[in-house]
Amino acid sequence: MDLAEQSKKAAACKAIDDHIKGNCTVGIGSGSTIVYAVEQLAKIIQKDKLNIPCVPTSIQAKQLIRMHKLCLSDLEETPELDFVFDGADEVDSNLTLIKGGGGCLTQEKIVASCTKKLIIVADNRKDSTSLGINWKKGIPIEVIPMAYVPIKNRLEALGGIAELRMAKSKAGPVVTDNGNFILDWKFDLKNPDWKALDQKITCFPGVVDTGLFVDMATKVYFGQPDGTVTIRDKKL
């Protein structure tokens, strides 16, 4: 296991160990770091014989839950969650996140909205003082397919370039789990008000949601190359 994977595993395991103390309800996010979180969750559930319904944010998360024989639930059966564990593409000093590099941003945000404790697990490369310093691929915006050109123009009018995300193993654009397209907005802004900007973009007709997660994360676990974990809490 290389240093990056060791960092991810360290963050994921500590986050699970710190929060899973008994029966509870959990949201399972997406991404490579969450694989280690689900593995650790499965170990604790088996060891302590716990009953923990797990709500997935994506097809990948659902497969992980099933693979580890955990209790698969959804927001109809479990609309309120004690914890949601998820990854991030970048985290700034205020715990504002960019998410959606894997294309699951809308479902991730819906599930995250159903808990007061969104726990982010990531390696140290995702730690940043300001958004855009480490993550260069832009803010993902999920859009209704017929609207992607007008939305692209509106995003670029704000500053920067918006690119339609293209698939790598097939011809054409990436299609989300919801059947939509993704625009990656490589913004060119100085000291933006992320909350106001997120609200503004969400109001563009045809935008499903953005990969900006503002005032949602409560705690972030950053795995370090030496195996230690740095924890950052939400500022009060």
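The values are calculated or read from the model by the stated rules, or taken from the named source; none is laboratory data. Fair warning: this is a prediction, and the values are worked out from it, not measured in the lab. Surface accessibility is based on the protein's heavy atoms, side chains included, excluding ligands, DNA and RNA. Shrake-Rupley method; radii C 1.70, N 1.55, O 1.52, S 1.80 Å.
Listing for the model above:
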| read-out | value |
| --- | --- |
| Rounded tilt (10° steps) of 32-48 against the dominant C-alpha axis of the chain | 20 degrees |
| Computed over the stretch 83-179: relative contact order in percent, which uses C-alpha pairs under 8 Å that are six or more apart | 28 percent |
| Vicinal HN-Hα couplings computed from phi for the stretch 15-22 (Karplus, 6.51 cos²θ - 1.76 cosθ + 1.60; Hz; Gly/Pro x) | 4, 5, 4, 6, 10, 8, 10, x |
| Lysine pairs in the stretch 68-139 with Cα atoms under 19 Å, if 8 or more residues apart or on separate chains | 10 |
| Built amide H within the under 5 Å cut-off of T25, gap 5+ | D82, F83 |
| For the chain, share of DSSP beta bridges that run antiparallel, in % to the nearest 5 | 55 percent |
| Heavy-atom accessible area order for R232, R154, largest first, 1.4 Å probe | R154, R232 |
| Rounded to 10°, Cα long-axis angle of helix 148-158 versus longest principal axis of the chain | 80 degrees |
| Span from the the stretch 71-143 Cα centroid across to the the stretch 152-225 one, whole angstrom | 12 Å |
| Area accessible to solvent at I161, 1.4 Å probe radius, in Å² | 90 Å² |
| The stretch 159-212 - percent relative contact order, Cα under 8 Å, separation 6 or more | 31 percent |
